[in-house]
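Each remark here refers to the structure printed beneath this line.
Just so it is clear, none of the values below were taken in a lab; they were calculated from the coordinates. Just so it is clear, the structure is predicted and the values come from calculations on it, not from any experiment. No Cβ is skipped: glycine too gets one built from the backbone with ideal geometry, and neighbour counts run over all protein chains shown.
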Amino acid sequence: MYWGGAVLVGLAAVGFAWLCDAAFDLFERLRAHHRGWPLLVTPLTFVALAWVTQGRLAATRGSGIPQVKAALSSTDGAWRAGLLSVRMALAKMGLTVLAMGGGASVGREGPTVHVGASLLFAVGRRFGSNDPIVSRHLVLAGAAAGIAAAFNTPLAGVVFAIEEMAGGFEERMSGVLLTAVIVAGVTAIGLLGDYAYFGHVDALLPLGEAWLAVLVTGLLCGLAGGLFARLILLQPVQWLRRLRFARARSGLLLAAGCGLLVAALTVLGGHDLHGTGYAQARAILQQEAGQDSGALYGLLKFAANVLSYWSGVPGGIFSPSLAVGAGLGQGLAPWIPSAPVATVVLLGMAGYLAGVTQAPLTAAVIALELTANHSMVIPIMATCLVARGASTLVCRKAVYGAFDDRLLADHRLTATPARAP
């Protein structure tokens, strides 16, 4: 059951990635023929997706990770089965592909978590397993397999399941754990130098003045990540509260406006803000020619990510967050001349992702596995720890946990029958 389900999740993740890439390639080819193409297609796509997801497919909105967390937390078996049905997984994939084809600034990693959890949960039911504990294990395994297959980061899948999905750490346990690891690691580096157990590896960020990059990127990118989380949660700030009410009353009009703004920012800002941002982040990290305005790109991508999430279209925030972090890191690099630019960019990516998710272990492992750079373990962990602390100054509740609480509260509200007068 577990092995067969895991193979199914892997195949679904690969097929989903191929479809998303193909849809976005088609969007890019059409845009190459006419620069104003997104000004028409992106708003229409946002409106169509907002309309489709108003009814039974409301659970396909957003990244999908809050839906999986809510399914794990709920004791309502029928509601859990609805959130994690095969129909919901297929709809999530199809609508996310449409969002990518329409130029939304979203990723596929969060939806892959939703799809992976749904498929393994469905496999368990197919095998006749109705045990709640086994079902929970299947959902956790599917979520971990989804993030691992989406990023090709197996360790990140394990850490993500423990830290984010299972709630295996207490609220501040990951910070305590990272603090202990960092302090012990820095002590060892200070006394013995940066060494590898079976051979020496040159450090990209030597202990000393260059570690200013850890503090700067951790603090600023963490604050930016917390701001992003607060904005997409529409937490109680007066104009955000009005926006939340406006989305409830006239969601299609808001979706059209968000789509038009994403397209307009791309045309006027001179940066490609559509899609995941993977190509731009990679170019910034590798210091390719023509990628010398990362700070502006990071700010514009930040705005495009917020607008895409406000519209309610299906899609994740992992890859777009890494792109924002890369842009912010490049913008901060001139202020930290003692550290290499690529190093500051990498720390910016990790710090911003940790600030958005407030899951520092997951963010650190993703950054390390995506770049295969083990000599940056301690600096990346330290940056993620600082970023998580800075993020909580702006957004007290972790973004996925807050969305999870909101889903559960809405479900309890609709499931409770009204009392007779």
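Counting neighbouring beta carbons within 10 Å and listing from fewest to most, the residues Phe127, Phe302 come out as Phe127, Phe302. Residues whose amide H falls under 5 Å from that of Gly316, counting only those 5 or more places apart or on a different chain, are Gly107, Arg108, Glu109, Gly110, with hydrogens built in the peptide plane. In this simple spin-label model, placing a label point 7 Å from the Cα along the Cα-to-Cβ direction at both Gln54 and His374 gives a separation of 5.4 nm. Between the stretch 318-370 and the stretch 378-396, what is the separation of their alpha carbon centroids in Å? The two parts, judged by their Cα centres, are 11 Å apart. With the alpha-carbon atoms of the stretch 285-383 aligned to their principal axes, the span from lowest to highest coordinate is 41, 31, 20 Å, starting with the largest. Among Glu28, Glu369, Glu163, a tally of other beta-carbon atoms within 10 Å of each Cβ gives an order, fewest to most, of Glu28, Glu369, Glu163.
Once both labels are positioned 7 Å from their Cα atoms along Cα-to-Cβ, the gap between Leu212 and His137 label points is 5.3 nm. For Arg126 and Trp18, the FRET efficiency from 1/(1 + (r/R0)^6), where r spans their Cβ atoms and R0 equals 25 Å, is about 0.50. Relative contact order of the stretch 2-168: 28 percent, from C-alpha pairs under 8 Å at least 6 residues apart in sequence. Taking every C-alpha pair closer than 8 Å and separated by at least 6 residues, the mean separation divided by the residue count of the stretch 53-102 gives a relative contact order of 34 percent. What FRET efficiency would be calculated for the residue pair Arg35, Arg412, taking the C-beta separation as r and a Förster radius of 35 Å, to the nearest 0.05? Computed FRET efficiency for Arg35 and Arg412 comes out at 0.15. In whole angstrom, note down how far apart the Cα centers of the stretch 78-156 and the stretch 24-55 are. Result: 25 Å between the Cα centres.
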